[in-house]
Amino acid sequence: MKSRILIIGACGQIGTELTLTLRNRFGADKVVASDIREGNEDIMGEGHFELLDATDLAAVEDVIFRYKVDTVYLMAAMLSAIAERFPAKAWHLNMTSLFNVLNLAKDKKIKKVFWPSSIAVFGETTPAQDTPQLTVMEPSTVYGISKQTGERWCEYYHNKYDVDVRSIRYPGLISYTTEPGGGTTDYAVDIYHRALKHGQYRSFLNKGTILPMMYMDDAIRATIGIMDAPKKNIKVRSSYNLAGVSYAPEDVAASIQKVIPNFEISYEPDFRQAIADSWPESIDDSIARKDWGWEHKFDLDAITKIMLDNLEERYK
Ligand SMILES: NC(=O)c1ccc[n+]([C@@H]2O[C@H](COP(=O)([O-])OP(=O)(O)OC[C@H]3O[C@@H](n4cnc5c(N)ncnc54)[C@H](O)[C@@H]3O)[C@@H](O)[C@H]2O)c1
């Protein structure tokens, strides 16, 4: 393989783990990590890294040309909670970066694109349980609107220009390597840090707020799985529903209490509650399972064990 993979937004929660996994798989020379800021030592220590603004088409094209990139994973975006504070900036970043990459694929400067969507494409009028692949989509957040619009453009570029763009609707993602990037499901990561540090957690989402979640390793496997699948198997060119586990804050607390019996949770919902209330509780991902063999592995207790085991050192 002469060509390389470019990850844009490589220093974020998903980009960091994706970069490390792809470097392991293909070798450090084959992967170019990029972001608008520098990342942690795992990202910066080994392999190619470029400071790159995803909204700057000429700069993105230059990196693609210099490194002979044929595949782009576009992970740069402004996430749901922050986007509500900066709607115009969020729209600009989320849409301009996507158009830049789709247009480079349309002009045959790259061959394959991965772009993540989110469960935020759904809204209050969407059926909340086992949300189907095809359903009512009336997102009420800036972030959700940008992801739904992005899905439409991905499908359009595929249908009109044969762009090989692949996408999944990630649920809330749980990982310990980096801090979460300002989303509505961030509580489900913060809670483990607080459990170890303070033995208690004040949740910004209320008791009973069930949301779809996934452990990061599952999300990375899904991302690489959909990119590895034969082109003919990818029948959905907007974005695939993807599911792992669904749970509420009190479920995480109960799972933590199995390991730290004195752990306590309290509830003080803020503006993120309204966002969470507009999202589904569980997702039907049978089409992803059928089309490209998706299967999740981690349930809540397995996630809790990994999070506590790996974060323990940090708070000793
Ligand atoms: N983490 C989740 O739970 C989750 C859930 C659903 C969808 N997603 C989607 O997955 C993708 C990655 O999410 P994440 O959680 O890793 O986000 P993150 O906020 O942790 O990382 C995004 C990265 O993009 C970088 N970035 C910001 N502006 C940039 C620019 N102009 N040019 C280049 N880089 C820039 C940031 O520095 C950051 O490192 C996003 O599209 C997000 O919408 C994430």
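The values are calculated or read from the model by the stated rules, or taken from the named source; none is laboratory data. Note that the coordinates shown come from a computational prediction; the quantities given were computed from them, not determined experimentally. A quick note on method: Cβ atoms are made from the backbone with ideal geometry, for glycine too, and the neighbour counts reach across all protein chains shown.
For residues that are without any contact (Cβ under 8 Å) to a residue 60 or more places away in the chain and closer than 19 Å to ASP291 by Cα, scanning just the stretch 127-161, find the one that is surrounded by the fewest Cβ atoms within 10 Å (Cβ to Cβ).
Step by step, filter the stretch 127-161, then rank; the result is LEU134.
Check off (1) modelled with pLDDT of 95 or more; (2) in the same structural domain as HIS296 (by TED's automatic domain parsing) for GLY183 and give me the number that stays unchecked.
With respect to (1) modelled with pLDDT of 95 or more; (2) in the same structural domain as HIS296 (by TED's automatic domain parsing), GLY183 is out only on (1).
For the subset of the stretch 54-79 comprising residues that are more than 8 Å from the ligand (Cβ to nearest atom) and small (Gly, Ala, Ser), which member is farthest from the chain's Cα centre (by Cα)?
Checked the stretch 54-79; the qualifying residue farthest from the chain's Cα centre (by Cα) is ALA58.
Pairs only if they're at least six apart or on different chains, beta carbon under 6 angstrom, first in the stretch 48-68 and on the phi > 0 side of the Ramachandran plot, second among the charged types (D, E, K, R); list them, first residue then second.
Listed by first residue and then by second, the contacts come to LYS68/ARG4.
Regarding the stretch 127-150, can at least one residue be identified that is over 16 Å from the mean Cα position of the chain (by Cα) and within 23 Å of ASP35 (Cβ to Cβ)?
yes
Residue by residue through the stretch 22-41, note down the ones that are within 13 Å of the ligand (Cβ to nearest atom) and out of contact with any Lys or Arg (no Cβ under 9 Å at 6 or more places or on another chain).
Correct list: SER34, ASP35, ILE36, ARG37, GLU38, GLY39, ASN40.
Filter the stretch 15-51 for residues that are outside any helix (DSSP H, G or I), crowded, with 21+ Cβ neighbours inside 10 Å and hydrophobic (A, V, I, L, M, F, W, C) and give the result.
Passing the criteria: VAL31, VAL32, ALA33.
What are the residue pairs meeting all of these: first residue in the stretch 107-121, first residue not assigned by TED's automatic domain parsing to the domain that holds THR135, second residue assigned to a loop (DSSP other than H, G, I, E, B) and buried (at least 23 other Cβ atoms within 10 Å of the Cβ), Cβ atoms under 9 Å, and 6 or more apart or on different chains?
none
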